[in-house]
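Structure record follows, encoded as C-alpha cells.
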Amino acid sequence: MVSGGRQLNGVGVLGAIALCVAGRATAEEPMLAKGGRAEAVVVVGREAGDFHRWVAGELQRYVKQLSGAELPIVTSDKLPAQRLLIVLGGPQSNPLAAAAEEKQLVKFAGLRPDGFVLKRIDLDGVPVLLAGGNDEAATMYAAYELLEQLGIVFQLTNDIIPQRKPDLALPALDARIEPALKHRGMHYCHGIRFYMGLDDFRREIDQLAKLKMNVLQFYWGMGGPWAEFSYGGKKADILYPKESGYCCWTWPSSGWTATNVTVGRECFPQDGYLGPPEFAEVQTQEEAYRTAREFLREIIRYAHSRKVQVWLTMGEVPYVPPNLVPPASKRGHNFYCGVALSPGDPAVLDIWEAAVCRMIENYPEADRYWVVSGSELLGGTRPVHGMAATDPQIQALIRDYQRLRPLLPQKPQAAVDLGLPDLDLADIATADKLVRRIRARSSNVDLGVALIFRGGQLRALDAALPKDVALMNMVNFTGETAMDYFDGLPGRELIVWPRITDDGCELNIQLNAMMYDQEETIAGSVRYGLTGVLGQLNKARGAEQSAQFIAEGAWTPSIRCQSFYARYLRRLYGQDAQEVLLKAFLLLEENEKALGWHGRRGIFSTYARSCKMNVSLRDIDYKQEKPSLDRAELDKAISTADAQRKFWDGRAAHCGQALELLRQARSKVPAGSRDELDYVLYKTENFVTVFQELAAAQEAKAAFERALLHSSDGNPGEAGKQLELCRTALDRAGQLVRQAAEQIVPYARIDPTERHILWILNKSIPSHDAARDYVAKVVAMHDEKCRRNKP
C-alpha cells in the first residue's frame, strides 16, 4: 500500500499502482553516476550495524552493475561535499533521517512493520534521497525498491539488468510504502524439490528478500529425515529412499536415480545421484538425520540473515511411520507421509506429539511450527486416508466436539452419506488435542494448523483452538478452496496458501495471474482480513511470473492480471516490445485456463514425478482369429481419442500463436533481457512439442482401436491400413518425445529445475519403444493372418 507525494513509475511493489516519476534524466535531476563515475554516496549511521552496512553494500554492488560506477559508502559523520546523499535507514539508525523528520521533511512515524519511505529532499541545501524505515527489513526493502526504480528487475530465480546506464539519474521519488499483508512468502516441500542443496536455498532466500517476501515455509511429510523421534521404544524410520540421500518422497515408488536416462544423460552425475550435494555421501538413516539437522539449521540461520522467517511444517495427520504402528491398530491408505490410522486411534496423538515436540527441540530458532491436519478430499466426498466415519474410535473422539457441527458448511448428500461431517469433526478434534498437548510441553512457541483444500473446517477450528494458533488453507484447486471460508474469523493469524505451480503440469511456464484474479486470491485476502500469503512452490524456474504476482499483490492488493503483465513486461523487456509480448503472455494465460486451472489434465507432475507423454495401447491377443471385443467400448475409446487429439492439436496451435509473437518481439528487446526471453521462447516451443506428441499418441490410439474394429468385422484390408496409420503416428510421437527431451538438455546443464524436469520426462520414453514393438508384432500377426486366409 502506498501513500505520499508524487506518483511513481510502474515498477516494483510501487508498480502495481504506479508510484514514481521516472523518465529520462534532465539537467535538473541529481545524478547517481555520470559516464560510469560515481556522483553520489551511500550514507549509513555512524553507529550502523552489520546489517545496514550489508544493505549499503547491496546498493553499491547493483549500482555498479547498472552503471559501472562504484558509490562510496560513508557514515553520517563523514559526509563529502557536493555529493548526492543516499541516506539509508530510519531515524533510529541514521541521524540524517532523524534530522529530516525533525524538520518535517519526511514522516517515518506510524509506518507499519516492513513499511518504508523513498523520498528525495533537500536537506540544508544538499540533495538527499531517504531510503529506509523503522526496522532493518524495511530499510532493505527500500534499497531494493530503489534499485528497481533505477531499472533492475528482481525475479524469483534471477536478477536482470535490461539496459546498462552509465549516466544514471535519480528519479523524483516521494512515496511511503507499506505491506497489505504481514506475512509474505513461499512454501517449500523439499520432498518434491529434493534436489535442492544449501546453495540453491541461499540463492532463493536472497531472491525472496529482494521480492520483499519474509517467510520461507519448509515442509516435509511424516517420515522425512528432518526430525528424529521415537514412539513405543522404536525410532521412526525414514521413509524416503537412500538413493536420493533420504530426501525424495517415496510416492509413487519408482526410480530414484538418473541411471536410466536416455536423452541428456550427460546433464547428470555419473552415478545418477539426484539429491542435494550435502546428502551425497549419506549411507545410513542416522547419518541422514544428522545431516538434515545441520542442513535445516543452516537454512534457518541464512534466512534470518535476510530477515526471512522460517516456518517448519510437518504433514499429514493422521499418517504415521509404518514401523511405529501398534499391532492392534487398523491401517488405512499408504501415502508419501506414511500409513493412515484412524484419527481416533490413541497412537496418532502420541506419535504426532513426539514428532512435533522433537521438531521444536531440534530447531528452536524457527519462527513458527505447523502441522498439516486432515487429508484432501477425493471427489469432494471422502478424505484420502480412507477411514470410515463409523469407526468406533472416531465416534468416541468426536463426542465432545458436537457443538462445532453447526460451524461446518453444508455438504453434498453423497459426502453426508459417507460421513464426511463426522470425519471433519475428527480432524478438528485431533488438531485441537494435538495443539494443546504441544502447548503443555512448549508453552512459548508459535503454532499453526494448515489445511489442504479443506477451508470448510476453518470456522470450527477457529472456535476450538486458542486464538494465538495460526490457520492456513491451500487454495486454487478443487475442494473447499473459496476465499470466503476465511470470512468471520477475527483476531487470528490467517494465511492463504495459493499454488504458484499447480502440480498437474509443471513442465511449462505456468501463468496463474488470471486464476488468481478470478478466485480472488489476493483481493479476498484483504477483504477477509488475512495476515499472510504463502505460495506453494514445487519448482522455481518457470514460476517467476506467478511468484511476482503474489509478491506484488501482498503489497498492492489492487493488482490485476492484465495490468500486472503490462507493467512487468515493460520493465523487463522495454516499451518497444511490450505490446506484442502482452498479447503473447495473455494467450499463454488463456492456455492455462483451457488446460484447467485445477489439475492441468495431469500432463506433468513433479509432485508425483509422472509424465503423461507415455503411450499405451489396448492389450489384445491378436493371434485369435476374432479377438473378443466390446464394440461399444471401442467406439467410445475412438471417440475419446479423437476428441483428445483435437484438443491437443488446438493447444499446439494456440501456443504456436504465442510463440510467433514471442519471436517477433525478440529483436525489440534490450540486450540484457534477451536471455530471459529466450528462456520463455524455449519453454513455449517445448510445450508446443509436448502438445504435438500428445496429439500423435491419441492419433495412434484411435487408429489402433479402428484396426481392431475392422479386424473384428472381417475387413483385413482396412485393418491393415489403420495399423500402418497407427505405426506412423507412433513413430511421430516417439520422435516428438525425444525432441522435447532434447530441447530441455541445454537448460538442464545449468539449472536444477530443468534437470529435474528432464529426468521425469525421460521416464515416458520407454513406453514409446514398447508401443512400437507391440504394434510391430501385431502387424506381423495381421500380415500372417492375411497370408493364411488368402484364397
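Among the residues of segment 517-532, those identified as in contact with a helix residue (DSSP H, G or I) (Cβ under 6 Å, 6 or more places away or on another chain) and either of a type outside the set (A, V, I, L, M) or not in a loop (DSSP other than H, G, I, E, B) (or both) are ASP517, GLU520, GLY524, TYR528. Restricting segment 766-791 to residues that are more than 18 Å from GLU724 (Cβ to Cβ) and in a helix (DSSP H, G or I) leaves a set whose member that is least open to solvent (accessible area, probe 1.4 Å) is SER767. State yes or no: is ILE757 surrounded by 15 or more Cβ atoms within 10 Å (Cβ to Cβ) and more than 30 Å from VAL580 (Cα to Cα)? Taking the combined requirement at face value, the residue does not satisfy it.
Quick check: is even one residue across segment 188-207 of a type in the set (Val, Ile, Thr), modelled with pLDDT of 95 or more and crowded, with 20+ Cβ neighbours inside 10 Å? Yes: one or more hits.
Only one entry in ASP391, ASP367 is closer than 25 Å to GLU493 by Cα and either open to solvent by 10 Å² or more (accessible area, probe 1.4 Å) or in contact (Cβ under 8 Å) with a residue 40 or more places away in the chain (or both), namely ASP367.
A quick yes/no check of all residues on (1) in contact with a Leu (Cβ under 9 Å, 6 or more places away or on another chain); (2) of a type in the set (D, E, K, R); (3) buried (at least 20 other Cβ atoms within 10 Å of the Cβ):
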residue	(1), (2), (3)
ARG297	no, yes, no
TYR302	yes, no, no
SER305	no, no, no
PRO321	yes, no, yes
GLY332	yes, no, yes
CYS337	yes, no, yes
PRO343	yes, no, yes
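The residue that is farthest from ARG83 (Cα to Cα), counting only those in segment 170-187 that are out of contact with any Ser or Thr (no Cβ under 6 Å at 6 or more places or on another chain) and open to solvent by 20 Å² or more (accessible area, probe 1.4 Å), is ALA180. Annotation note: of ARG571, ARG600, the sole residue that is farther than 30 Å from LEU451 by Cα and among the charged types (D, E, K, R) is ARG571. Once segment 394-413 is narrowed to residues that are among the polar types (S, T, N, Q) and under 13 Å from LEU425 (Cβ atoms), the residue that is surrounded by the most Cβ atoms within 10 Å (Cβ to Cβ) is GLN395.
Counting only residues that are outside any loop (DSSP other than H, G, I, E, B) and more than 37 Å from the chain's Cα centre (by Cα), which one in segment 626-637 is surrounded by the most Cβ atoms within 10 Å (Cβ to Cβ)?
Step one: list which residues in segment 626-637 are outside any loop (DSSP other than H, G, I, E, B), which gives 631-637.
Filter once more, keeping what is more than 37 Å from the chain's Cα centre (by Cα): 631-636.
On the way: ARG631: 11, ALA632: 8, GLU633: 11, LEU634: 16, ASP635: 13, LYS636: 12.
Step by step, filter segment 626-637, then rank; the result is LEU634.
For segment 544-615, give me every one of the helices (runs of 4 or more DSSP H) that falls completely inside it and has 2 or more residues that are of a type in the set (Ser, Thr, Tyr).
Ranges flagged: 561-573.
Remark: pairs (first residue in segment 687-707, over 22 Å from ASP630 (Cβ atoms); second residue among the acidic types (Asp, Glu) and surrounded by fewer than 24 Cβ atoms within 10 Å (Cβ to Cβ); Cβ separation under 7 Å; 6+ apart in sequence or on different chains) = ALA695/ASP649. Taken together, the criteria exclude LEU123 from residues that are touching a residue at least 24 places away in the same chain (Cβ under 8 Å), open to solvent by 10 Å² or more (accessible area, probe 1.4 Å), closer than 27 Å to CYS337 by Cα and of a type in the set (A, V, I, L, M). When LEU730 is tested against (1) assigned to a helix (DSSP H, G or I); (2) open to solvent by 10 Å² or more (accessible area, probe 1.4 Å); (3) of a type outside the set (Ser, Thr, Tyr), exactly one condition is not met: (2). Of all residues in segment 92-111, those that are in contact with a helix residue (DSSP H, G or I) (Cβ under 9 Å, 6 or more places away or on another chain) and within 14 Å of ARG176 (Cβ to Cβ) total 6.
Would you check if there is a residue in segment 442-452 being surrounded by fewer than 22 Cβ atoms within 10 Å (Cβ to Cβ), in contact with a Cys (Cβ under 8 Å, 6 or more places away or on another chain) and over 17 Å from TRP311 (Cβ atoms)? No, segment 442-452 contains no residue that is surrounded by fewer than 22 Cβ atoms within 10 Å (Cβ to Cβ), in contact with a Cys (Cβ under 8 Å, 6 or more places away or on another chain) and over 17 Å from TRP311 (Cβ atoms). In summary, helices (runs of 4 or more DSSP H) completely within segment 399-490 and bearing 2 or more residues that are touching a residue at least 40 places away in the same chain (Cβ under 8 Å) occur at 420-441, 458-464. Scoring LEU208 on the criteria (1) closer than 16 Å to PHE194 by Cβ; (2) in a helix (DSSP H, G or I) leaves a single failure, condition (1). Of the residues making up segment 71-94, those that are surrounded by 17 or more Cβ atoms within 10 Å (Cβ to Cβ) and in a loop (DSSP other than H, G, I, E, B) are LEU71, SER76, ARG83, GLY89, GLY90, PRO91, SER93, ASN94.
The values are calculated or read from the model by the stated rules, or taken from the named source; none is laboratory data. Since this is a predicted model, take the numbers as computed values, not measurements. Note: ideal-geometry Cβ built from the backbone for every residue, glycine included; neighbour counts use all protein chains shown. Only protein heavy atoms, including side chains, enter the accessible area calculation; ligands, DNA and RNA are left aside. Shrake-Rupley method; radii C 1.70, N 1.55, O 1.52, S 1.80 Å.
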